[in-house]
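The structure appears right after this line, and notes come after that.
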Amino acid sequence: ESAASALTKKYACIACHGIDNRIVGPGFREIQKKYAARADVVDYLAGKIVSGGTGVWGAIPMPPQTLSPEDAKTIARWIADGAKP
């Protein structure tokens, strides 16, 4: 298991996001595909993890998450790299 995959469990990301499947929010690989072309993908996703948001993937909001900027970037980089276990 990767460090980032472990962080998704520690912070309960997996309660709402699957690897390939939607649970409450989109799957990690669906997120990767949507933002793959962004030059700033890691910073963008890390910002979204910390600040949360609504309306991008539907009406259900993602609440802001309480985690360190380093952990947010680790998870964001893992998503950007294809969310490999």
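Quick notes
- Only one entry in 76, 12 is crowded, with 19+ Cβ neighbours inside 10 Å and of a type in the set (Gly, Ala, Ser), namely 76.
- Under the condition of being over 18 Å from residue 19 (Cβ atoms) and in contact with a Phe, Trp or Tyr (Cβ under 7 Å, 6 or more places away or on another chain), the residues counted in the range 33-52 number 2.
- Some residue of the range 22-34 being in contact with a helix residue (DSSP H, G or I) (Cβ under 6 Å, 6 or more places away or on another chain) and surrounded by fewer than 13 Cβ atoms within 10 Å (Cβ to Cβ): no
Since every read-out is calculated from the coordinates, none of them should be taken as a lab result. Everything numeric here is computed off the predicted structure, so don't read it as measured data. A quick note on method: Cβ atoms are made from the backbone with ideal geometry, for glycine too, and the neighbour counts reach across all protein chains shown.
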